[in-house]
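Notes follow once the structure below has been shown.
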Amino acid sequence: MEGFWLWPAGLAVLVGIGAWLDIRHRRLPNWLALLLLVYSLMHWLFVGDLHVALSGFGHSLLALIVGMVLFRFGLIGGGDAKFYAGAAAYFTLSQGLTLLLSVSLAGLVLVMIWISLRRISGKTMSRQGDDRGKFPYGVAIAAGVIAVLFSSLYSDAAIYTIS
């Protein structure tokens, strides 16, 4: 149980940095997506095993492929796709749908709040070429990742205290 919180805390910090960068610059850098991938795979190799690390890598690869298809059709940004894929490596394939649902719900709630606040303040939605009017979806990705991370962490901590 020693160091139980270190890996999840590191992931939370990394996705938090991504959310901040997306709010501030409306960009999610490639180095951060790669750092998330490497960090996540190191986590599985240190606390899990090779089989679990491969499952995390498979989840990341699947998320990247789907994300790039969505990017191709203009449904999400390329940085969002890579950021999500990097974070997805921390979760096994069996946790994939839970992560996707969590990020989607976080996105729905945050976009509704964002649109409401923009309307109240009288700001328009995005103009072509103006990224300031676009919702920084990295925030929703970070919120969804943290929700799944700490809900699974809470259940794991309960198992450790019971046994």
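The values are calculated or read from the model by the stated rules, or taken from the named source; none is laboratory data. Only a predicted model underlies this, so the values are computations on that prediction, with no experimental measurement involved. Backbone-built Cβ (ideal geometry, glycine too); neighbour counts: all protein chains shown.
Please find, among Ser126, Ser151, the residue that is in a helix (DSSP H, G or I) and at pLDDT below 95.
Ser151
Which members of the stretch 51-97 meet the condition of being more than 21 Å from Ser152 (Cβ to Cβ), surrounded by fewer than 16 Cβ atoms within 10 Å (Cβ to Cβ) and either of a type in the set (S, T, N, Q) or at pLDDT below 95 (or both)?
Gly74, Leu75
Scan the stretch 53-74 and report the pairs whose first residue is closer than 10 Å to Leu93 by Cβ and whose second residue is among the polar types (S, T, N, Q), with Cβ atoms within less than 7 Å and a gap of 6+ or a chain change.
Ser55/Thr92; Gly56/Ser40; Gly56/Thr92; His59/Thr92
Tally up the residues in the stretch 18-49 that are buried (at least 21 other Cβ atoms within 10 Å of the Cβ), without any contact (Cβ under 8 Å) to a residue 60 or more places away in the chain and under 13 Å from the mean Cα position of the chain (by Cα), please.
5
Are any of the residues in the stretch 45-54 within 22 Å of Ala106 (Cα to Cα), in a helix (DSSP H, G or I) and among the hydrophobic types (A, V, I, L, M, F, W, C)?
No, there is no match, as no residue in the stretch 45-54 is within 22 Å of Ala106 (Cα to Cα), in a helix (DSSP H, G or I) and among the hydrophobic types (A, V, I, L, M, F, W, C).
What do you reckon, is Val109 assigned to a helix (DSSP H, G or I), under 21 Å from Pro29 (Cα atoms) and at pLDDT 95 or above?
no
Scan the stretch 33-44 and tell me whether some residue there is out of contact with any Pro (no Cβ under 9 Å at 6 or more places or on another chain) and either of a type in the set (Lys, Arg) or within 16 Å of Pro136 (Cβ to Cβ) (or both).
yes
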